[in-house]
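See below for the structure under consideration.
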Amino acid sequence: MTAPLSITQGGSLYDRIGPEALASLVRRFYTHVARDPDLAPIFPDDLTHTAEKQFAFLSGFLGGPPLYHQRYGHPRLRARHLPFEITPTRGRAWLACMNAALRETPEIGEAEARELYAALSRVAVHMVNAPDTSAPN
């Protein structure tokens, strides 16, 4: 789940988005995460380091420099997230925050936003490690 996305005629998704737009996306994303009632409880109050790690991961995942690997080693996404209860509801909330951040980042073109969202949708499903436990209404 950590292999970079494929390269197209315009280059990697990282090349097409660029590091500045990616950094803007990550900042906007964590603004949403901090306000989300399902996600905020599993994240630290100060999201600075978390955002730095997300940027580093996305850089390599999108075909850019392997910053996460260089700084922290292999991402081992599921293993690193096992201490946190990631339910289907939280997976959907995470994607909703990313979707909102993508819509709020005009530097990222529509085609690139769709491609990134599709890739991250697969990651979100992969990360679910616990069932929803609340009773249906």
Among helices (runs of 4 or more DSSP H) entirely within segment 42-137, at least 3 residues that are at pLDDT below 95 occur in 77-81
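Residue by residue, here is whether (1) aliphatic (A, V, I, L, M); (2) open to solvent by less than 80 Å² (accessible area, probe 1.4 Å); (3) without any contact (Cβ under 8 Å) to a residue 60 or more places away in the chain holds:
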{"site": "Thr31", "(1), (2), (3)": "no, yes, no"}
{"site": "Ala40", "(1), (2), (3)": "yes, yes, yes"}
{"site": "Asp45", "(1), (2), (3)": "no, no, yes"}
{"site": "Ala51", "(1), (2), (3)": "yes, yes, yes"}
{"site": "Gly60", "(1), (2), (3)": "no, yes, yes"}
{"site": "Gln70", "(1), (2), (3)": "no, no, yes"}
{"site": "Gly73", "(1), (2), (3)": "no, yes, yes"}
{"site": "Arg78", "(1), (2), (3)": "no, no, no"}
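Mind counting the residues in segment 11-41 that are among the polar types (S, T, N, Q) and assigned to a helix (DSSP H, G or I)?
Here is the first cut: in segment 11-41, the ones among the polar types (S, T, N, Q) are 12, 24, 31.
Retained after the next criterion (residues that are assigned to a helix (DSSP H, G or I)): 24, 31.
The qualifying residues number 2.
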Residues in segment 115-136: is at least one of a type outside the set (Ser, Thr, Tyr), without any contact (Cβ under 8 Å) to a residue 24 or more places away in the chain, under 22 Å from Pro19 (Cα atoms) and surrounded by 15 or more Cβ atoms within 10 Å (Cβ to Cβ)? no
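Please work out if Glu107 is more than 16 Å from the chain's Cα centre (by Cα) and within 21 Å of Asp132 (Cα to Cα). Reasoning before the result, please.
Details: more than 16 Å from the chain's Cα centre (by Cα): yes; within 21 Å of Asp132 (Cα to Cα): no.
Judged against the criteria, Glu107 is not a match.
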If we scan segment 83-103, do we find a residue that is surrounded by 15 or more Cβ atoms within 10 Å (Cβ to Cβ), aromatic (Phe, Trp, Tyr) and free of Cβ contacts under 8 Å to residues at least 40 places away in the same chain? no
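The values are calculated or read from the model by the stated rules, or taken from the named source; none is laboratory data. A quick note: this is a predicted structure, and the numbers were derived from the prediction, not measured. No Cβ is skipped: glycine too gets one built from the backbone with ideal geometry, and neighbour counts run over all protein chains shown. Quick note on the areas: whole protein, heavy atoms, side chains included, nothing else; ligands and nucleic acids left out. Shrake-Rupley method; radii C 1.70, N 1.55, O 1.52, S 1.80 Å.
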